[in-house]
Structure formats: C-alpha cells, structure tokens
Ligand code: NAD
C-alpha cells in the first residue's frame with residue numbers, strides 16, 4: 001500500500017469506527033460485532049504505526065469510549081478512567097509480558113488475572129463513609145452522573161466503614177437470567193429486544209427514571225480504585241482484598257500468577273469455562289500486581305502499560321451464547 005492509499009484507508013477506517021463508537025457508546029445499539037470492531041481498530045493502529053505522521057489526537061485509536069449524554073449532569077474524573085490494550089492470542093500475551101519485564105529492568109513480575117466483565121465501567125465515590133456520587137466512564141475525562149440509577153443496584157453499599165474519601169471503580173452488568181427475562185418481556189410487549197447484556201446494562205443505567213434501572217436486576221463487580229486517600233497498600237491484590245473487606249462486591253475468580261505461563265493457564269481455563277458463568281465476560285484482564293512496578297510502567301494516552309485485556313475469539317462468543325440460551 002503506498003502512502004496515498006494508506007491515508008485514504010486510514011480516513012475510511014476512522015469514519016467507520018467513529019460511527020460504530022457512536023452506536024455502541026452513545027446509543028447502546030451496536031450495528032457490528034465486537035470482533036469486527038476490534039479487527040478494524042487493529043488495522044487502523046497498524047497503519048498509523050507504519051505512518052506516524054498521519055496520527056491525529058482525534059483518531060479513534062487515541063480516544064476512550066464515547067461522549068457523555070447531555071441528559072445527565074457531567075462529572076469530571078480527577079483521575080482519568082482509561083481503556084485497556086488488547087491481546088488476541090498467546091503470542092501477544094507473551095509480547096505484553098516481555099514489554100512489562102523490560103519496563104521494570106528485568107525484575108520478577110507477579111500478575112493478577114481477572115475476568116473481563118462485559119458491562120459498563122463506572123466509578124463510585126465515598127466521602128465520610130457515604131456514597132456521594134456514581135458515574136459512567138464516558139470519554140474517560142468526563143462521565144455522566146448516574147448516582148440515582150446506581151443506588152438501585154443492591155450490591156452497592158450506600159455506607160462503608162471508611163471515613164477518608166475513596167473512589168472505587170468497576171463494571172455494572174446484567175446477569176444472563178435478568179437479560180433473558182427482560183428480553184422476553186420486551187418481545188411480549190412488542191418492543192425491540194436488546195442486542196446483548198452489555199448494551200442492556202448500559203441502556204438501563206442511562207435512563208432518566210431510576211425506576212427503570214431498579215426493575216432491571218443489575219449487579220456489579222468492583223476491580224480498581226481511582227482517588228484514594230485511605231492509606232497506601234503495596235499491590236493490586238491487596239487492594240482487591242481491602243475493597244472486599246469494606247463490603248464491595250469483588251469477583252471471586254481472580255488469581256495471582258507468578259509468571260506468564262500461569263497467566264496463559266488461567267486464560268485457557270476461562271476460555272473453556274466461560275459458559276458456566278451466569279454473566280457475560282469478553283476476555284481476561286491481566287494486571288501487574290506490584291503498585292510500585294505499575295508506577296514505573298505508567299500509561300499511554302489511552303491505557304495503562306501495566307495491564308492488558310485478552311479478548312476471546314469471536315466464534316467462541318457465538319457458540320457459548322447459543323449454549324447459554326439453550327440451557328436456560
Ligand atoms: P475494552 O472493553 O477493550 O477494555 C476496557 C474496559 O474493560 C474497562 O474500561 C472496563 O470497563 C472493562 N473491564 C471489565 N472487567 C475489568 C476488570 N476486571 N478490570 C479492568 N477493567 C475491566 O475497552 P473499551 O474502551 O471499554 O471498549 C472497547 C471495546 O468495546 C472494543 O474492543 C469492542 O469490544 C467494544 N466496542 C464495540 C463496538 C461495536 O460497534 N461492536 C463499538 C465500540 C466498542
């Protein structure tokens with residue numbers, strides 16, 4: 001591909017991806033599969049890497065999520081809510097591990113593997129022990145204030161035993177059972193069913209009337225922190241334990257791994273066992289455990305260098321979803 005052709009393909013991919021982002025993040029109604037979206041994003045990133053002079057700050061490759069809806073009050077994230085880099089196969093996981101170890105001068109690295117919940121990223125802020133704000137990720141800098149809707153999720157504590165201000169982050173999602181029941185009801189009422197549990201969760205939490213979210217039986221797993229004034233811990237795994245001790249719902253399946261081989265075993269196990277879960281996951285998130293090493297590795301404009309998301313292959317998603325529908 002010559003330079004002119006590359007430029008024209010880059011422009012075409014950007015137009016398409018902008019449209020897909022709008023449908024997915026703003027309307028909660030995707031028109032293409034995540035696999036197709038991820039493939040085009042990868043093609044764009046590869047072309048931009050080959051032709052760095054064509055990279056612009058507004059390229060979809062440089063941006064997180066979608067613009068917040070005007071209907072909600074806007075929330076500025078003091079610490080941006082970023083996206084994650086992706087790995088699509090074992091080799092890309094090994095490349096991630098190599099980059100990480102090079103980044104910490106060859107030190108040993110422990111990883112924490114977590115299920116990648118397919119829902120909506122949200123932030124919960126507590127002051128004087130009380131939940132004062134719940135927000136969406138939005139474009140990473142600016143989210144939507146959806147406190148009233150998030151309060152309808154029963155597993156979110158409204159009060160915690162911790163007076164210093166803290167912000168925890170996680171994924172709100174719709175369990176399969178709630179999703180199937182809701183779509184059945186919608187179809188019976190002649191309404192369009194939701195495409196998948198992720199869009200159903202996002203659509204439910206971005207309703208102006210909290211009574212609608214209350215009826216949707218949503219749930220949440222918390223997996224990270226934003227602002228944190230509650231004393232320093234040394235590792236991500238300690239943070240997960242601490243969040244759990246405060247009463248936050250963390251996912252029980254996370255595992256600390258001593259090296260990339262153990263990470264690959266975890267990924268293989270969950271690629272097979274994914275259909276047994278009663279909620280949707282679209283991959284595995286791998287995070288460097290040591291907070292000191294995380295700090296050394298830092299961030300790109302869009303994602304931390306100390307974490308990546310392994311994405312399950314597309315065919316898996318289709319077979320497994322069918323299995324689930326048949327087994328319910
Ligand atoms: P991402 O889904 O690749 O990964 C980042 C997100 O993972 C985080 O923001 C968080 O919300 C989530 N997450 C779930 N479990 C987590 C855990 N345990 N720890 C940390 N994070 C966890 O990136 P993204 O920026 O949210 O969205 C991009 C993805 O969305 C695409 O790769 C594609 O799959 C999908 N998408 C699809 C379309 C479409 O039209 N089909 C359009 C836009 C985006």
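Only the coordinates and a few stated rules stand behind these numbers; no lab work does. Fair warning: this is a prediction, and the values are worked out from it, not measured in the lab. A quick note on method: Cβ atoms are made from the backbone with ideal geometry, for glycine too, and the neighbour counts reach across all protein chains shown.
Over the chain, what is the mean sequence separation of C-alpha contacts under 8 Å (at least six apart), divided by residue count, expressed as relative contact order in percent? Mind showing how you got there, number by number?
Working: 559 pairs, mean separation 75.4, N = 328.
RCO, the chain: 23 percent.
When you count, for each residue, the other Cβ atoms within 10 Å and take the mean per peptide, how do 181-189, 159-167 rank with the highest first?
Numbers: 181-189: 12.8, 159-167: 15.3.
The packing order, highest mean first, is 159-167, 181-189.
How do 174, 81 rank when sorted from fewest to most other Cβ atoms within 10 Å of their own Cβ? List each step's numbers first, then the result.
Working: 174 29, 81 23.
Neighbour counts put them in this order, fewest first: 81, 174.
Starting from the Cα gyration tensor of region 130-266, take the square roots of the eigenvalues, sort them a ≥ b ≥ c, and report rounded, prolate or oblate (rounded when a/c is under 1.5, otherwise prolate if a/b is larger than b/c, else oblate). If you can, show how the numbers build up before the last one.
Details: a/c = 2.30, a/b = 1.44, b/c = 1.59.
Oblate shape, in that a/c is at least 1.5 and b/c is the bigger or equal ratio.
Taking the C-alpha atoms of the chain, how large are the radius of gyration and the largest Cα-Cα span, Dmax, in Å?
19.8, 61
Rounded if a/c is under 1.5, else prolate if a/b is larger than b/c, else oblate: which is region 199-247, with a ≥ b ≥ c the root eigenvalues of its Cα gyration tensor?
Details: a/c = 3.13, a/b = 2.79, b/c = 1.12.
Prolate is the answer for region 199-247, as a/c is 1.5 or above and a/b outweighs b/c.
Roughly how many nanometres apart are two label points built 7 Å out from the Cα toward the Cβ at residue 265 and residue 164?
Label-label distance for residue 265 and residue 164, simple model: 3.6 nm.
Going by how many other beta carbons lie within 10 Å of each one, how would you line up 104, 263, 288, fewest first? Each step should come with its number before you reach the end.
On the way: 104 17, 263 24, 288 27.
The fewest-first ordering by Cβ neighbours comes to 104, 263, 288.
Counting other beta carbons within 10 Å of each Cβ, put 51, 176 in order, fewest first.
Working: 51 14, 176 18.
Ranked by crowding around the Cβ, least crowded first: 51, 176.
Taking R0 as 22 Å, what FRET efficiency do you get between residue 155 and residue 278 from their Cβ-Cβ distance, rounded to the nearest 0.05? Walk me through the intermediate numbers first.
On the way: r = 14 Å, r/R0 = 0.64.
Here the calculated transfer efficiency is 0.95.
Counting each DSSP H run of 4 or more residues in the chain as -39500 (n - 2.57), what helix-only mean residue ellipticity at 222 nm follows after dividing by all residues, to the nearest 500 deg cm²/dmol?
Numbers: 11 runs with 127 residues, N = 328.
Calculated from helices alone, the mean residue ellipticity at 222 nm is -12000 deg cm²/dmol.
Of 54, 221, 88, which is the most mobile in a GNM of the chain whose springs link Cα atoms less than 10 angstrom apart?
Among 54, 221, 88, the largest mean-square fluctuation in the Gaussian network model of the chain belongs to 54.
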